[in-house]
Amino acid sequence: MALRIAATVVVLGALAVWLVAPVGNACPDLGRLPSGSTASSSPSLKPPLTRTCTYRTSDGTEAHARYVPWLDWILLLLLAAVAATIARFVGSPGARVPGAPRAERAPRAERAPRAQRAPRAERAPREPKAPREPTAPREPRAAKPSAERDAAERERARRERAERARRGR
């Protein structure tokens with residue numbers, strides 16, 4: 001119920017936002033034009049639900065600008081949310097006024113007993129797994145001492161530089 005009301009408010013409000021003059025300054029660029037200029041706002045179909053401002057200067061020049069009335073759309077969405085909230089609390093049968101006594105509930109109907117399941121067939125016992133043979137512990141890798149590793153890296157870098165220098169000459 002609340003969603004239907006909110007949707008109705010949005011649809012009717014969209015038509016109103018599109019067809020009726022917007023809230024606030026419809027054509028904000030009028031202040032940039034020379035004195036004596038006029039502006040009017042009208043519905044636009046490209047893109048849908050936008051508006052077009054038509055600016056006219058005193059010498060007869062005409063310009064058009066499209067815009068989306070964001071303030072109107074935000075107000076419309078807030079209005080739809082308020083309408084849905086009011087409909088939810090006013091129209092819902094479970095809504096309760098604070099301080100009012102609670103309505104008594106009807107007792108629950110008894111359910112029919114469930115049908116009994118057939119007993120499960122017994123499983124055959126599993127065969128025990130064969131024990132694992134112990135494995136020999138691994139020897140840790142011998143790590144190069146850092147001095148040897150650094151010396152090997154320096155030697156490799158020296159060879160690469162020499163090779164690049166030889167190619168460049």
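The values are calculated or read from the model by the stated rules, or taken from the named source; none is laboratory data. Just so it is clear, the model here is predicted, and its values are computed rather than measured. Because the Cβ atoms are built from the backbone with ideal geometry, glycine has one as well, and the counts that use them run over all protein chains shown.
The number of residues in region 30-68 that are surrounded by 12 or more Cβ atoms within 10 Å (Cβ to Cβ), out of contact with any helix residue (DSSP H, G or I) (no Cβ under 6 Å at 6 or more places or on another chain) and over 30 Å from Ala80 (Cα atoms) comes to 9.
Under the condition of being farther than 21 Å from Leu15 by Cβ, of a type in the set (A, V, I, L, M, F, W, C) and not in a strand (DSSP E or B), which residue from region 28-75 is modelled with the highest pLDDT? In this case the residue turns out to be Leu33. Would you point out which residue out of Arg88, Arg138, Arg102, Arg156 is over 30 Å from Thr50 (Cα atoms) and modelled with pLDDT of 85 or more? The conditions single out Arg156. Among the criteria (1) within 30 Å of Phe89 (Cα to Cα); (2) in contact with a Gly (Cβ under 7 Å, 6 or more places away or on another chain), the one Trp73 does not fulfil is (2).
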